[in-house]
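A.B. asks: Sharing a structure here in structure tokens format.
What follows is calculated from the coordinates using simple rules that are stated; it is not laboratory data. All values reported here derive from a predicted model rather than from experimental measurement. For neighbour counting, all protein chains shown are included, and Cβ atoms are generated from backbone atoms with ideal geometry for every residue, glycine included.
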Amino acid sequence: MFLKIVWRNLWFKPLNTTLSVVLLAFSTGIISLLLLVQKQLETKFETDLKDIDLVVGAKGSPLQLVLSAVYHVDAPTGNINLLEAQKLMKGPLVKQAIPLSYGDSYQGYRILGTDTNYIHKYNAVAQNGRLFQRSLEVVLGANVAQKTGLAPGKTFKGTHGEAAEGETHDEHEYEVVGVLSSTNTILDNLIVTPLASVWEMHEHPEEHEEGTAEAHDHGHHHEGDGHDHEHEHEEEAIDSTREITAYLVKFRSPMGIMSLPRMINSGTTMQAAVPALEMNRLFHLMGLGITTLRLLAFSIMLISGFSVFIALYNRLKERKYELALLRSLGSSRFRLAALLLTEGIVLAILGLGLGLLLSRFGIWMINEQAGSDLRLTLTNHLISEELVLGAIVLGVGVLAALVPAIKAWRMNLSEALAS
Amino acid sequence: MLTTENVQFHYKGAKGFQFPDLHCAAGEILLVTGQSGCGKTTLLHLLAGILTADKGAIRIHDTDITGLSSAEKDQFRAKNIGLVYQKAHFLAALSVMDNLKLPGWLGHHSYPAKTITDLSDRLGVAHTLKKYPAQLSIGEQQRISIVRAVINQPGLLLADEPTSALDDQNCFEVYQLLREMAAQQGAALVIVTHDGRLKDKIENRVHLS
């Protein structure tokens, strides 16, 4: 009966109630969406950053280099000479250096030329099929396989550049040899192939023969002598004009990060960017925007709290006699106050629930529309910050209902009945 | 059923009231008359435990309600007193039926829905149960408020100007219904009014001046 009275009373003035709920829902929706996106972006960026101490690439914006080489969300800064870069990577400070070469895509998914170390780095295994061994063989990230429907045994033509509709490389076809296990990292959204494939794709027709031969050679190395991956490429890279896009470097000790970047940036035509630093800079910039949005959302929440207050307070005037009637029928003061407080709380719960639904819908929209651009899929899990948000919203509801509840508590019954 | 002794009351900063002693046995009707401002409603609120007397005793059954706390008075009222006002008020958001369930809910006294329909039927308003209070005529509203007042079978029925807002026809009918209900349930009925139409119908009268 108690809840029935609360519920009926709320919907007795449907416009007031709807306004309050909608305002609450929008503010919680926006805040929860911001929380979800920010938190997930940060963890996503951190897991993708795994073991990458330094990115070496062509000169340009260091942030662009990091975004393009680590997260694959930006165009590369340019190419670097493989031979020159390899010399640097031989130093004792470098534990592992993974070469990357890219520029082509398939249906918007980047085709990344690298070696198998890149795949091992993200702890991925060939879930279906096997890893690539020869030029023009590719393995697909878990998402790519799912979205494009490609499977081992199928072939496809790459597109030059990043756009889904671009000039295709008609002369060569990639062959899918495996699908990688899902890693929840950037790898899920990549198509991975040996470095040689990329070279072969972009060679001039007259060099074609040579490229193919060398690619086979590469495959042979891989299968045959079981060389350490890190040494594999230095042997094959005889051609001094060979280029790659970037190197992902892991140091043996923190000493590396002290000396190598400076050496590269001042002594070579390449640049070295520290991803952790660049990402911190990015988050700092993003943080300003997010803070502004959050402030905005909280002010909407304040307004909605005020709207709940006004709705309840105005109703209180109209309902003065009704409340007096309940008292005269034997209801205690406590029950009247509880009735009004519950109205505020129910409004808050409605707003909160709708807001969380809204933010989930927002996540769904982002995933649908921008998932492949951002190369990440956001999840819908309730995060701990949202519990705090829920508590805040409930607090707003209680606070807005508090004054009307106190007024009901202190109502002079005789006066109210006589008026 | 109801006896009062030497009841005095004053509002803050106003002159005090000294009320004559009242007596109303179960099944009896007491009419309290007087001009506006002579304390009729004040007396009724004292009897209902809505106001607390400065002095004196108000006994209902064997309980002196002047000694009860505010919360105890609320509960006592829920169980033992039925109130009818000049203008019937309801929870506008609830149906008439739900409004009639309120006394049971608040008085922790459950009665089957049949009791409500039977009573409403007897008062000729059974057809209004599914409507909302605002859809009822004033006469219907007053009848429903009588159903609400008697549904808990209180020992004391207090009516504050129950007929003043009604035309002659309805005035007479509402009075008849109140009387019948009180008689049937063996309740004491106290009517406070300035409505002259009721004067010659009730012998047991007290005039406030």
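A.B. asks: Measuring from the lowest to the highest alpha carbon on each principal axis, how far does the stretch A:1-127 reach, largest first, in angstroms?
C.D. replies: 80, 31, 31
A.B. asks: Return the average number of partner chain Cβ atoms within 10 angstrom of each residue Cβ along peptide A:315-322.
C.D. replies: Mean partner-chain Cβ count within 10 Å for A:315-322: 2.
A.B. asks: For the pairs B:LYS79/B:LYS199; A:LYS50/A:LYS147; A:LYS320/B:LYS87; A:LYS407/B:LYS55; A:LYS50/A:LYS250; A:LYS44/A:LYS95, flag any whose C-alpha to C-alpha distance is greater than 18 Å. Write down the numbers at each step before the final one.
C.D. replies: Values: B:LYS79/B:LYS199 30 Å; A:LYS50/A:LYS147 25 Å; A:LYS320/B:LYS87 14 Å; A:LYS407/B:LYS55 28 Å; A:LYS50/A:LYS250 10 Å; A:LYS44/A:LYS95 24 Å.
Flagged as over cut-off: B:LYS79/B:LYS199; A:LYS50/A:LYS147; A:LYS407/B:LYS55; A:LYS44/A:LYS95.
A.B. asks: According to the square roots a ≥ b ≥ c of the eigenvalues of the Cα gyration tensor, what is the shape class of the stretch B:1-50, taking rounded for a/c under 1.5, prolate for a/b larger than b/c otherwise, and oblate for the remainder?
C.D. replies: Numbers: a/c = 2.21, a/b = 1.75, b/c = 1.27.
It is prolate, given that a/c is not under 1.5 and a/b is the larger ratio.
A.B. asks: Tell me which of B:PRO154, A:LEU295, A:LEU19 sits at the most positive position along the dipole axis of the protein assembly as shown, charges placed on C-beta atoms (Lys, Arg +1; Asp, Glu -1).
C.D. replies: Among B:PRO154, A:LEU295, A:LEU19, the one farthest towards the positive end of the dipole of the protein assembly as shown is B:PRO154.
A.B. asks: May I pose another question? Give the separation of the Cα centroids, the stretch A:289-351 to the stretch B:146-196, in Å.
C.D. replies: 37
A.B. asks: Summing -39500 (n - 2.57) over the DSSP H runs of n ≥ 4 in chain A and dividing by its residue number, what mean residue ellipticity at 222 nm do you reach, to the nearest 500 deg cm²/dmol?
C.D. replies: On the way: 14 runs with 245 residues, N = 419.
Using -39500 (n - 2.57) per qualifying helix, the result is -19500 deg cm²/dmol.
A.B. asks: What order do you get for A:THR291, A:THR268, A:THR159 when you list them from fewest to most C-beta neighbours inside 10 Å? Intermediate results must be reported in sequence, preceding the final value.
C.D. replies: Values: A:THR291 11, A:THR268 17, A:THR159 20.
By the 10 Å Cβ count, ascending, the order reads A:THR291, A:THR268, A:THR159.
A.B. asks: Can you say what percent of the DSSP beta bridges in the stretch B:2-207, counting only those with both residues inside, are antiparallel? Round to 5. Write down the numbers at each step before the final one.
C.D. replies: Values: 12 of 29 bridges.
Roughly 40 percent of the beta bridges in the stretch B:2-207 run antiparallel, per DSSP.
A.B. asks: So which residue, out of A:GLY57, A:GLY113, A:GLY149, gets the largest mean-square fluctuation from a GNM of chain A using Cα contacts under 10 Å as springs?
C.D. replies: Looking only at A:GLY57, A:GLY113, A:GLY149, the biggest GNM fluctuation is shown by A:GLY149.
A.B. asks: Ignore the peptide's own chain and count Cβ atoms of other chains within 10 Å of each Cβ in A:412-419; give me the average, rounded.
C.D. replies: Numbers: counts 2, 8, 10, 4, 1, 10, 7, 0.
Counting other chains' Cβ atoms within 10 Å and averaging over A:412-419 gives 5.
A.B. asks: Follow-up question, since we're still on this one. Where a ≥ b ≥ c are the square roots of the eigenvalues of the C-alpha gyration tensor, would you call the protein assembly as shown rounded, which needs a/c under 1.5, or, failing that, prolate if a/b is larger than b/c, or oblate?
C.D. replies: Numbers: a/c = 5.21, a/b = 3.77, b/c = 1.38.
It comes out prolate by the Cα gyration axes.
A.B. asks: Separate question: By DSSP, what percent of the beta bridges with both residues in the protein assembly as shown are antiparallel, rounded to the nearest 5?
C.D. replies: Details: 43 of 68 bridges.
If we restrict to bridges inside the protein assembly as shown, about 65 percent are antiparallel.
A.B. asks: What are the DSSP H helices in chain A that stretch 30 Å or more along their long axis, judged by alpha-carbon atoms, and whose average Kyte-Doolittle hydropathy comes to at least -0.5? Walk me through the intermediate numbers first.
C.D. replies: Working: long enough: A:14-48 (49 Å, 0.76); A:275-328 (71 Å, 0.64); A:333-374 (59 Å, 1.09); A:384-409 (36 Å, 1.64).
Helices meeting the span and hydropathy rule in chain A are A:14-48, A:275-328, A:333-374, A:384-409.
A.B. asks: Taking each pair of different alpha-carbon atoms in the stretch B:1-89 once, compute 1/r for the pair, average those values, and report the inverse of that mean as the Kirkwood hydrodynamic radius in Å to one decimal. Don't jump to the answer; show the numbers that get you there.
C.D. replies: Numbers: mean 1/r = 0.0727 Å⁻¹.
It is 13.7 Å.
A.B. asks: Also, I was wondering about something else. Which one of A:LEU339, A:ALA97, A:LEU382 is farthest out on the positive end of the charge dipole of chain A, using unit charges on Cβ (Lys, Arg +1; Asp, Glu -1) and the Cα centre as origin?
C.D. replies: Looking along the dipole axis, the top candidate is A:LEU339.
A.B. asks: Where does the stretch A:269-320 land on the Kirkwood hydrodynamic radius, alpha-carbon pairs, in angstrom? List each step's numbers first, then the result.
C.D. replies: On the way: mean 1/r = 0.0679 Å⁻¹.
It works out to 14.7 Å.
A.B. asks: Once label points are set 7 Å from the Cα along Cα→Cβ at both A:LEU3 and A:LEU83, what is their separation, rounded to one decimal in nm?
C.D. replies: Rounded to a tenth, the inter-label distance reads 7.9 nm.
A.B. asks: I would also like to ask the following. Going by C-beta contacts inside 10 Å, put A:PHE2, A:PHE283, A:PHE45 in order with the fewest on the left.
C.D. replies: Details: A:PHE2 11, A:PHE283 15, A:PHE45 20.
Exposure proxy ranking, most exposed first: A:PHE2, A:PHE283, A:PHE45.
A.B. asks: Something else: Would you mind telling me the antiparallel percentage of the DSSP bridges in the stretch A:41-178, rounded to 5?
C.D. replies: Values: 11 of 14 bridges.
Just about 80 percent of them are antiparallel.
A.B. asks: A further question follows. Would you mind giving the mean number of other chain beta-carbons within 10 Å of the Cβ of each residue in B:44-55, as a whole number? Before the final figure, lay out the partial values.
C.D. replies: Details: counts 3, 6, 1, 0, 4, 3, 10, 5, 1, 0, 0, 0.
That average works out to 3.
A.B. asks: What residue among B:GLY13, B:GLY82, B:GLY27 shows peak mean-square fluctuation when chain B is described by a Gaussian network model with Cα springs under 10 Å?
C.D. replies: B:GLY13
A.B. asks: Shape call for chain B from the C-alpha gyration tensor, a ≥ b ≥ c root eigenvalues: rounded (a/c under 1.5), prolate (a/b greater than b/c) or oblate?
C.D. replies: Details: a/c = 1.74, a/b = 1.38, b/c = 1.26.
Prolate shape, in that a/c is at least 1.5 and a/b is the bigger ratio.
A.B. asks: Ranked by Cβ crowding within 10 angstrom, fewest neighbours first, how are B:ASP118, B:ASP195 ordered?
C.D. replies: Working: B:ASP118 13, B:ASP195 19.
Listing B:ASP118, B:ASP195 from fewest to most nearby Cβ atoms yields B:ASP118, B:ASP195.
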